[in-house]
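Student: This is the structure, below, for whatever I ask next.
Since every read-out is calculated from the coordinates, none of them should be taken as a lab result. What you are looking at is a predicted structure, and each value in this text was computed from that prediction instead of being measured. Here Cβ is always computed from backbone atoms with ideal geometry, including for glycine, and neighbour counts include all displayed protein chains.
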Amino acid sequence: MSSVANLIEFPVRQEFEERDSLGYDMVLALATADDLAAGMDAVVERSRRASGAASVEWWAEDDDNVPRLVASMGTPRGVRHTLTFERAGVFVFHGTWVGAQIESALASLVPIIRRRAAEERLARATVELARRNEALEDFAALVAHELKTPLETALVADDPSESVEDAILLVDALLEASRNGAGEETFTSVAECLEQAFEDLRVDVEITADLATTLPLPPGPLRVILRNLLANAVAAGAGHVHVTSVGSSFSWRLLVDDDGVGLAEVDRYAAGSGLGLALCRRIAARFGGAVELVARPSGGTRATLEITGALA
């Protein structure tokens, strides 16, 4: 009697022990992974090994509720078996039917998957909120800095309508500079933006140009950068400014050379606060670029905007 009972009990106990061992292994891999995708790679690998499936896939909804393949291993072939766990994604096994052991182990992962997915959505939302707040701060600073000249002109003009119109157009350009970001494949004519920047400033300075290429920036940000670099040159007493744009297989450069007093006269060159140059640098950084100033050997200053990447 006892021997028969032992024969029945042992396979059942062994099945539970194997199931619990697999579930524990998956929970540990998922809970200790750097992120959800890496954890699910490990889960998929263990699921495939335990089931003998030709391939295993895990599909989950993204932030827009669109299903996408997050983790997979193997080549899909043979019979298809799908396990759906509400709000935790779908597992697809190819080449085998999934037994209760694996299904139970995967079901034990559902709370962890949901928690880690929620944490990562919150982290992404926090980063996006910080980015938007930074953009809002940039825009407020740009408006305060850039509208000073046209509004002062409007205050003393007999007919302020033209200066007010300039201010409105300038706000549009500033909005574009604040809204755009990296990843937008927009190439802009430097010549057109240079002409607009010169008209914005209405200064008495000679400008020459050698513009061999467009730049991978939307027109609004490029116009703001050019206007500030020209304004700095004028503030440094420049009588002549030469603008050059060049491109290579991996980068683009915009050079603004002036014959002003140079970097030795920092206060005069920066026109007081240096806010315009700081804003240029922050705008450029959004597009993978940088703005630097160096003294020219012959006198004056060279401002360089450099953007790295692969030519389209």
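Student: Counting other C-beta atoms within 10 Å, and keeping those with at most 14, which DSSP coil GluC sites (Glu not before Pro) do you find in the range 13-97?
Tutor: Working: sites: GLU15, GLU17, GLU18, GLU45, GLU57, GLU61, GLU86; in loops: GLU86.
Here the sparse-neighbourhood loop sites are GLU86.
Student: If you don't mind, there's one more thing I want to ask. 7 Å from Cα along Cα→Cβ at both GLU206 and ASP64: what's the point-to-point distance in nm?
Tutor: With each label placed 7 Å out from Cα toward Cβ, I get 5.3 nm.
Student: Using modelled amide H (1.01 Å from N, peptide plane; none on Pro or chain starts), what sits under 5 Å from the amide H of LEU217, excluding residues fewer than 5 places away?
Tutor: Amide H to amide H, under 5 Å and 5 or more residues apart or across chains, LEU217 pairs with THR188.
Student: Next question. Using 1/(1 + (r/R0)^6) with R0 = 35 angstrom and r between the beta carbons of VAL90 and GLU128, what's the FRET efficiency to the nearest 0.05? Let's see the in-between values first.
Tutor: Details: r = 27 Å, r/R0 = 0.77.
Plugging the Cβ-Cβ distance into 1/(1 + (r/R0)^6) gives 0.85.
Student: Excluding GLU206 itself, what net charge comes from residues whose Cβ is under 11 Å from its Cβ, given Lys and Arg +1 and Asp and Glu -1? Please list the in-between numbers first.
Tutor: Working: positive: none; negative: ASP204, ASP258, ASP259.
Taking every other residue near GLU206 into account, the sum is -3.
Student: Through the Karplus equation 6.51 cos²θ - 1.76 cosθ + 1.60, θ set to phi - 60°, convert the phi angles of the range 51-68 into ³J(HN,Hα) values in whole Hz; use x for Gly and Pro.
Tutor: 8, x, 6, 5, 7, 9, 10, 10, 10, 9, 7, 7, 5, 9, 6, 9, x, 9
Student: I would also like to ask the following. Karplus couplings for the range 32-47 from phi (6.51 cos²θ - 1.76 cosθ + 1.60, θ = phi - 60°), rounded to Hz, Gly and Pro as x?
Tutor: These are the phi-based 3J(HN,Hα) values: 9, 5, 5, 8, 5, 4, 5, x, 6, 4, 5, 5, 4, 4, 5, 5 Hz.
Student: Moving to a separate point now. So if R0 is 51 Å, what FRET efficiency would ALA118 and ARG296 give, r being the distance between their Cβ atoms, rounded to the nearest 0.05? Don't skip to the end; give the middle numbers.
Tutor: Values: r = 55 Å, r/R0 = 1.08.
The formula returns an efficiency of 0.40 here.
Student: Specify whether the C-alpha gyration tensor of the range 16-89 places it in the rounded, prolate or oblate class, a ≥ b ≥ c being the square roots of the eigenvalues: rounded for a/c under 1.5, otherwise prolate if a/b is larger than b/c and oblate if not.
Tutor: Working: a/c = 1.72, a/b = 1.14, b/c = 1.50.
Note, shape of the range 16-89 comes out oblate.
Student: Calculate the spin-label point distance for TYR24 paired with ALA278, positioning each point 7 Å from the Cα along the beta-carbon direction, and give it in nanometres.
Tutor: With each label point 7 Å from Cα toward Cβ, the separation is 5.7 nm.
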